[in-house]
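Taking it in order: structure first as structure tokens, then the write-up.
Please treat every number below as a calculation from the coordinates, not as lab data. All values derive from a computational prediction rather than experimental measurement. A quick note on method: Cβ atoms are made from the backbone with ideal geometry, for glycine too, and the neighbour counts reach across all protein chains shown.
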Ligand SMILES: Cc1cc2nc3c(=O)[nH]c(=O)nc-3n(C[C@H](O)[C@H](O)[C@H](O)COP(=O)(O)O)c2cc1C
């Protein structure tokens, strides 16, 4: 079955869910064009999730995707937390902040019973996951309204695992991709090695050969040329994130917007210093001085707590020195236009 048939869409383009960078407005705008819009839910509590889903349902009848993280929530390691804060002390002094006011705690929750219950009220056509899949019991709930299940693979082994564990389609996330790496079978990246993390060009055809479910290419795709190239490699569709970041419906800060439009956006790195998990963003002071990979960073998502006050204060002064400026290696597709215009442009160029 083709990806468009599987998801009930007209063009095989998925707007990547981007937690912290967009809400329902971007998803609605993209879904209305016949592509698949996505709502990132990793940072939404049950009430916020219900409000966003109510808005989407009110404004479009088209299929849409909701996206969750499904990491295992780590216990807070006080010693590690304190060591990490001690390493950040000089920045707290510089910004006249009290490190003791940092509240340790998760900023991103994994998919859970409460979220599944809210989803059941709205029955979205597609549910995508990052960092593997949730428990069988939670997956069964999502399946109860026949939602299609999608998840991200960064290696061939992860794609095969996802197929064997019930995914209906797999996203092949190349090394170029912006935001968090979806890796879940191996932590190799956190040891500083990137050996098993392949570029989109290398990863997509190898996953296509290894699984029977549709493969969605992601990472570095910024225009129709990229879409057609991915389809030539055997992808059934594409998931595009970075190119949507400057769209009118994106909700990024001024600091982030300026960085994306500047020369510095051409230099990105995969770093764990903002959340504890490797993610690609524009190289800034925090990445240069503390990263890109820092073994002292608390486990995902706990590393985020200590840096939050620094980020907030720096941003208030117009600086993105401590902000996670997630972006992929190809920002050439970022345009300050509506998400519908951008999607129609992509769709018009699809020739395969
Ligand atoms: C700002 C930003 C935020 C992201 N947040 C998420 C997320 O919440 N969930 C997810 O599954 N993927 C997330 N991603 C990764 C995308 O799903 C996708 O892999 C990536 O955007 C593809 O590469 P590209 O950015 O080069 O298009 C994010 C990417 C970006 C750029």
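Please determine, in degrees from 0 to 90 and to the nearest 10, the orientation of helix 339-349 with respect to the longest principal axis defined by the Cα atoms of the chain, where the helix direction is its Cα long axis. Between helix and principal axis, roughly 50 degrees. Give me log10 I(q)/I(0) at q = 0.07, 0.08, 0.12 Å⁻¹ for the chain, Debye formula, one equal scatterer per alpha-carbon, no solvent. With no solvent term, the Cα-only Debye profile gives -0.27, -0.35, -0.83. Summary of packing: across the peptides 222-229, 260-267, the per-residue average of other C-beta atoms within 10 Å ranks them, highest first, as 222-229, 260-267. Can you classify the range 130-256 as rounded, prolate or oblate using the Cα gyration tensor, where a ≥ b ≥ c are the square roots of its eigenvalues, rounded means a/c under 1.5, and otherwise it's prolate if a/b beats b/c and oblate if not? Verdict is rounded for the range 130-256. Between the range 58-82 and the range 331-349, the alpha-carbon centres lie 27 Å apart. Centroid-to-centroid, using Cα positions, the range 265-315 and the range 170-221 are 21 Å apart. For the range 1-132, the Cα-based Rg and Dmax, in that order, read 18.7, 58 Å.
Place the peptides 73-80, 167-174 in order of packing, highest mean first, counting for every residue the other Cβ atoms within 10 Å and averaging per peptide.
Ranked by mean Cβ neighbours within 10 Å, highest first: 167-174, 73-80.
Based on DSSP, what percent of beta bridges with both residues in the chain are antiparallel, to the nearest 5? Around 20 percent antiparallel, to the nearest 5.
Helical runs assigned H by DSSP (4 residues or longer) give the chain a calculated mean residue ellipticity at 222 nm of -11000 deg cm²/dmol, each run adding -39500 (n - 2.57) before division by the residue total.
Packing order of peptides 51-62, 280-291, highest average first: 280-291, 51-62 (average count of other Cβ atoms within 10 Å over each peptide's residues).
Using a cutoff of 8 angstrom between alpha carbon atoms and counting only pairs six or more residues apart, the relative contact order for the chain works out to 19 percent.
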